[in-house]
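Asker: Dropping the structure in here first, questions after.
Read-outs: derived from the displayed coordinates by stated rules, not from any lab. None of the values given here were measured: they were computed from a predicted structure. Here Cβ is always computed from backbone atoms with ideal geometry, including for glycine, and neighbour counts include all displayed protein chains.
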Amino acid sequence: MELPELSIGTLRARLPIVQGGMGIGISLSGLASAVAGAGGIGVISGVQIGFRDPKFWSDPYRANMKAIGEEIQRARSLAPGGVLGMNFMYILGHCQDYVAEAVRNGIDLIISGAGLPMMLPGYVAGSKTCILPIVSSARACRLIFTNWFKKYDRVADGVVVEGPKAGGHLGFKLTDMRDGTAQPLEEIVRDVVEYVREFELRHGAKKIPVIAAGGINCHGDIVRMLELGADGVQIGTPFVATRECDASDAYKQAYVQAKEEDVKIVLSPSGLPARAVNTPFLQRVYGVEGSSTIPVERCSACLPGICHPADTPYCLSQALFQAARGEGGLVFCGARVGEVGSITTVSRLMKELAGETD
């Protein structure tokens, strides 16, 4: 099947493939620009994006604000004319300021989840930046769409529907993830597509693209989602194992070497369930026997009111910093990471996903 283009507002991508925003430091300008240049939508993760700045710990806010502009401008220079987005956790401290900075630097779209981004339209007011919430149910989609329309007279430019096989933080109950009782992506996509099409008719709205995410690894998966009514897909895990990915080689090798049984569901310090590779770090803090906490030495207040240095089992940011640098730490992944067998290039992966290879 030849894949159709993906339209989001006035934006046009040759392929209906959105590269998932992966933090900390996994999808920055290197990966995002490569995907955008290959015809998809490249997404920079805005989570603690300034972590490489030598002054990060003394002023994380300033380091993050500075890095947002730098990463967007670098991606633009590498992929002129490509479609670029940023992903922000809604529960992230200073989220409003970070989104506004991305808008000031000309980002095309903002994708936001990890909480219901009820005030996101206000963050981009007066700009042309498109906004897409991440939802894990038709109910969440309805809550956000209704709120945006009533409070801001704003219709979402699209919606990302993330199922239980996604990587990193997840929008499902921990018990459902561990028991395998979370609603599958296919059912959520059908429910959300039905609701979105009804919303469009009821409000005379423009076409709102539905983008399926979570456990999508190949061309066949994309075709299946499009046949269910989705307009595009968001893919994360396969893009980590590319030369252009901004993560360390050690991080990429953790994906290449991972087997299905190495994938674990844990409760993150964010309060959300998360999926990660069962690294020595994970075994240390989540192991049944010998589990321990890692004292927080420095806190950037990235999750205000949620994570508290005195009682968190470890610093989430620090664990992700270490992973991105190849120093151990917490390695988030999707459920199908065991299918990643080698390092490739974004160009080759995009052709495979599009079904364009011989």
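Asker: Remind me, relative contact order of the chain in percent, using alpha carbon pairs under 8 angstrom and six or more residues apart?
Answerer: Reported as a whole number, the value is 18 percent.
Asker: Further question on the same structure: Relative contact order for the range 17-70: what percent, with Cα pairs under 8 Å and sequence separation of 6 or more?
Answerer: About 31 percent, as a whole number.
Asker: Could you tell me which of the pairs K150/K207; K165/K206; K151/K207; K55/K128; K128/K165 are separated by over 25 angstrom between their Cα atoms in the structure shown?
Answerer: Table pairs above 25 Å Cα-Cα are K165/K206; K55/K128; K128/K165.
Asker: Once amide H atoms are built 1.01 Å from N in the peptide plane, which residues 5 or more positions from N87, or in another chain, come under 5 Å H to H?
Answerer: I44, S45, G46, I111
Asker: Which of G23, V47, I72 sits farthest toward the positive end of the charge dipole of the range 1-135, with +1 on the Cβ of Lys and Arg and -1 on the Cβ of Asp and Glu?
Answerer: It is I72, whose Cα lies furthest towards the positive end.
Asker: On to the next question. Compute the semi-axes of the equivalent ellipsoid of the range 250-325, taking the square root of 5 times each eigenvalue of the Cα gyration tensor, and list them largest first in whole Å.
Answerer: Taking √(5λ) for each Cα gyration eigenvalue gives 22, 14, 12 Å.
Asker: Using 0.36 nm per residue of separation minus the Cα-Cα distance, give me the extension gain between S77 and K151 in nm, one decimal.
Answerer: 23.0 nm
Asker: Oh, and also: Under a Cβ-only charge scheme (Lys and Arg +1, Asp and Glu -1), can you give me the dipole magnitude of the range 251-356 about the Cα centre, in debye to the nearest 20?
Answerer: With only Lys, Arg, Asp and Glu charged at Cβ, the dipole is about 220 debye.
Asker: Starting with the highest mean, order 26-35, 330-339 by the number of other Cβ atoms within 10 Å, averaged over the residues of each peptide.
Answerer: Peptide ranking by packing, descending: 26-35, 330-339.
Asker: Continuing with the same structure: Order 259-265, 297-303 from most to least packed using the mean count of other Cβ atoms within 10 Å.
Answerer: 297-303, 259-265
Asker: Could you work out the relative contact order of the range 250-325? I mean the mean sequence separation of Cα pairs under 8 Å and 6+ apart, divided by the number of residues, in percent.
Answerer: Value for the range 250-325: 29 percent.
Asker: Using per-residue counts of other Cβ atoms within 10 Å, averaged over each peptide, order 195-206, 226-237 from highest down.
Answerer: 226-237, 195-206
Asker: May I pose another question? Add -39500 (n - 2.57) for each DSSP H run of 4 or more in the chain, then divide by its residues: what number comes out at 222 nm, to the nearest 500 deg cm²/dmol?
Answerer: Counting only the DSSP helices, I get -10500 deg cm²/dmol.
Asker: Moving to a separate point now. Once you treat every alpha carbon in the range 155-279 as an equal point and sum by Debye, what is log10 I(q)/I(0) at q = 0.09, 0.15, 0.23 Å⁻¹?
Answerer: Result of the Debye calculation: -0.31, -0.80, -1.33.
Asker: Okay, next question. Where the centre of each part is set by its Cα atoms, how far does the range 12-56 sit from the range 199-215, in angstrom?
Answerer: 24
Asker: Using amide H atoms built in the peptide plane, which far-off residues or other-chain residues are under 5 Å from G168 H to H?
Answerer: Those lying under 5 Å, H to H, from G168 are R275, C333.
Asker: About the Cα centre of the chain, what is the dipole size in debye to 20, counting +1 per Lys and Arg Cβ and -1 per Asp and Glu Cβ, all else neutral?
Answerer: Value, rounded to 20: 740 debye.
Asker: Applying the Karplus parametrisation 6.51 cos²θ - 1.76 cosθ + 1.60 with θ = phi - 60° to the phi angles of the range 164-172, what ³J(HN,Hα) value in whole Hz is obtained for each residue in order, glycine and proline being reported as x?
Answerer: In residue order, the calculated couplings are x, 9, 5, x, x, 5, 10, x, 10 Hz.
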